[in-house]
Amino acid sequence: MRLILAGIEYAGKHTLALRIERWWAEQTGQDIGVGPHGRAADVEDEEPRFHKFHDHFNIPYIMHTTGHHDDEQVEAGQKHVLTLPPGLMEYFQRYNIMNKFSLGYAVNYIEYEDMFFIDWYYGEAVYAPLYYGYGGVGQYGDRRKLARTLDKSVLKVIPDTVLVLMKAAPEAIRKRFRERKSPFPHRHGATPFREEDTELVLERFEEEYENSLLTYRFDLDTTDASVEETFGEFARKIKPYITTEDRVRMLSRDLPRDAGSFSSTS
């Protein structure tokens, strides 16, 4: 499965990502929390962590929420990246986003059965002109134009990718912003997002979603929904987009790992 969860701060992207990760691991017979961006689920006194989602695309969040590093590294990374001048930040972000189209990833998309992103270049299209000082309409590196160019690349390289827009009513976002309640406090501690920009950011993400060239997409409104209700809606809406290959994985999830390939001869 290939997913992009995009949307405003406090829409619930990371919370839903955790739930999707656990569900998809169960559906396909994977070990929860074991992978290049996660920690083993059997580590004593540690909550299993998701590993499928790449979530390092919005300044100052240049590292994964979980996986490669510890919380001190996250804080240090945030402090340093916020000191970069706009030109250097644009250069870094161009690499950060385009890295997922590099040879290492592009070749392995064939082998990677799952690839999940949070915001990716959609967040950059919204936040860069508003908060980072570059990428506005008509400027060098116009992030709206870049987003459509990258849509075309996604359609070419990983065409089964599903775009999910996560949103909530402005009053709900503002309430969550003021309460600062989050299972990922580091993700919100240094956010440049401002409460007074709520409507504008919601509108911009909606605009990017509507202008997206991706074939498969749907939205989720978390205004009055619990995590389980939101996940239930996701599970219903994703069904038409589950590929044949993924359905085979789901059907064969209980087969022994070393069963090998089926033979056409006896």
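Nothing in this text is a laboratory measurement; each read-out follows from the coordinates by a stated rule. Everything numeric in this text was worked out from a predicted model, so none of it was measured. Note that each Cβ is placed from the backbone with ideal geometry, even for glycine, and that neighbours are counted across all protein chains shown.
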**Request:** For a label point 7 Å from the Cα of Thr215 along Cα→C-beta, name the residues of the range 139-163 whose backbone N is under 14 Å from it.
**Result:** 152-163
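What ranking do 242-250, 156-164 get when scored by the average of other Cβ atoms within 10 Å per residue, highest first? Numbers along the way, then the final one.
Numbers: 242-250: 13.3, 156-164: 18.2.
Descending mean neighbour count gives 156-164, 242-250.
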**Prompt:** Pulled fully out, how much extra length does the chain show between Ser252 and Met98, if you take 0.36 nm times their separation in residues and subtract their Cα-Cα distance?
**Reply:** 52.0 nm
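How much FRET efficiency would the formula 1/(1 + (r/R0)^6) give for Glu228 and Thr149, where r is the Cβ-Cβ distance and R0 is 41 Å, rounded to 0.05?
On the way: r = 37 Å, r/R0 = 0.91.
The calculated FRET efficiency here is 0.65.
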**Item:** Residues whose placed amide H lies under 5 Å from that of His54, excluding near-sequence neighbours
**Value:** Phe116, Phe117, Ile118
**Request:** Please give the length that would be gained between Lys156 and Glu245 if that part of the chain were fully extended, namely 0.36 nm times their separation in residues minus their C-alpha to C-alpha distance (nm, one decimal).
**Result:** 30.2 nm
**Fill in**
Interchain or sequence-distant (5+) residues whose placed amide H lies within less than 5 Å of the amide H of Ile59 are none
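Taking a 26 Å limit on the Cα-Cα distance, which of the listed pairs Lys156/Lys239; Lys167/Lys237; Lys52/Lys156; Lys79/Lys156 fall beyond it?
Lys79/Lys156
Multiply the residue separation of Leu88 and Arg178 by 0.36 nm, subtract the distance between their alpha-carbon atoms, and state the gained length in nm to one decimal.
Numbers: separation 90, 0.36 × 90 = 32.40 nm, distance 3.17 nm.
The Leu88-Arg178 span can extend by a further 29.2 nm.
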